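A.B. asks: Attaching a single structure in structure tokens format; questions to follow.
The values are calculated or read from the model by the stated rules, or taken from the named source; none is laboratory data. Everything numeric in this text was worked out from a predicted model, so none of it was measured. Using ideal geometry, Cβ is built from the backbone for each residue, glycine included, and neighbour counts are taken over all protein chains shown.
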């Protein structure tokens, strides 16, 4: 089991939760491809909205 920390705005995290997906890396799959079943994602949001 591994843990990943993703930095993303709160609105992007919420869209992912609602849609059942993770957003990270501006569309690049490199880091997300390392995830395996049973891994955990921890999000850190320093901003409420992307671009603020």
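A.B. asks: Determine if segment 3-19 includes at least one residue that is at pLDDT 90 or above, part of a loop (DSSP other than H, G, I, E, B) and surrounded by fewer than 10 Cβ atoms within 10 Å (Cβ to Cβ).
C.D. replies: No, every residue in segment 3-19 fails to be at pLDDT 90 or above, part of a loop (DSSP other than H, G, I, E, B) and surrounded by fewer than 10 Cβ atoms within 10 Å (Cβ to Cβ).
A.B. asks: Right, something else. Quick one: what pairs do we get from segment 11-34, first residue more than 15 Å from residue 51 (Cα to Cα), second modelled with pLDDT of 95 or more, C-beta under 7 Å, 6+ apart or different chains?
C.D. replies: Short answer, once both residue conditions are applied: none.
A.B. asks: For segment 35-50, does any single residue satisfy the condition of being within 8 Å of the chain's Cα centre (by Cα) and modelled with pLDDT under 85?
C.D. replies: no
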